[in-house]
1. With 25 Å as the limit, write out which pairs from 39/128; 39/165; 59/115 have Cα-Cα distances beyond it, or answer none.
2. When the solvent-accessible surface of protein heavy atoms is calculated with a 1.4 angstrom probe, in what order do 107, 76, 62 fall, highest first?
3. Say each of residue 143 and residue 44 gets a label point 7 Å from the Cα, pointing the same way as Cα to Cβ; how far apart are those two points in nm?
4. What relative contact order, as a whole-number percentage, does the stretch 25-169 give when Cα pairs under 8 Å and 6 or more residues apart are counted?
5. Leaving out same-chain residues fewer than 8 places away, which aspartates and glutamates sit with a Cα under 15 Å from that of residue 125?
6. Would you mind counting up the charge near residue 142? Only other residues with Cβ under 14 Å from its Cβ, with Lys and Arg at +1 and Asp and Glu at -1.
7. What net charge is computed for the residues neighbouring residue 103, neighbours being all others with C-beta under 13 Å from the C-beta of residue 103, Lys and Arg scored +1, Asp and Glu -1?
8. Amide H to amide H, which residues 5 or more places from residue 25 or on other chains are under 5 Å from it, using H placed in the peptide plane?
Amino acid sequence: MLKKFVLILMCVLPLAGFAQTLKFGNVNSAEIFEAMPEKATIQKELDALNAQYEKDLTKLHDEYQRKVSDFVAQQDSLPETIRTRRAQEINDIEQRIQNFRQVAYQDIQQAQNTKLQPVFEKISKAIKEVGEENGFTYIFDLSNSGIVYYSPTNTVDVAPMVKAKLGIK
């Protein structure tokens with residue numbers, strides 16, 4: 001008899017947990033990021049960094065074009081050793097351009113990650129605080145492609161609360 005009672009309790013108690021009301025919310029963190037005042041500053045800094053790399057790359061490319069033009073114009077009149085050395089110089093510049101592009105791309109990506117991470121952490125913290133303060137069981141981020149469907153009538157858009165928490169109008 002005791003075994004049956006324990007078995008019934010084990011079956012009924014988990015169901016009692018489902019009796020509570022679940023509260024679902026949704027937010028589009030990408031839209032919130034777009035409204036963040038920090039976004040414009042970060043974008044300007046990244047654009048300035050990108051412009052500097054473009055300027056430096058243009059200088060390298062101009063040097064390359066000049067060397068190639070000079071080489072093509074003079075290659076028939078140059079001794080073999082000088083021709084070989086200038087061809088090697090051109091190859092070296094090509095290699096520098098490729099390396100520069102790779103380093104520039106990595107630096108820009110790193111700068112972007114470094115500058116954006118605190119903003120996304122701030123948004124995430126605000127979403128968590130809104131969830132805790134308002135008793136949400138789940139808040140789904142609609143900017144994440146993992147959400148296939150959400151019902152606007154059965155979930156609450158918490159974006160206005162998150163924006164208020166972040167001081168965004």
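The values are calculated or read from the model by the stated rules, or taken from the named source; none is laboratory data. Bear in mind that the values here come from a model prediction, so they are computed numbers and not experimental data. Note that we place each Cβ from the backbone using ideal geometry, even for glycine, and neighbour counts take in every protein chain shown. Surface accessibility is based on the protein's heavy atoms, side chains included, excluding ligands, DNA and RNA. Shrake-Rupley method; radii C 1.70, N 1.55, O 1.52, S 1.80 Å.
1. From 39/128; 39/165; 59/115, over 25 Å: 59/115.
2. Numbers: 107 55, 76 145, 62 90 Å².
Putting 107, 76, 62 in descending order of accessible area: 76, 62, 107.
3. 2.1
4. Details: 87 pairs, mean separation 76.6, N = 145.
Averaging sequence separation for qualifying contacts and normalising by length gives 53 percent for the stretch 25-169.
5. 133, 141
6. On the way: positive: none; negative: 31, 34, 141, 157.
Net local charge, residue 142 excluded: -4.
7. Details: positive: 96, 101; negative: 56, 107.
Neighbourhood net charge equals 0.
8. 138, 139, 140, 156
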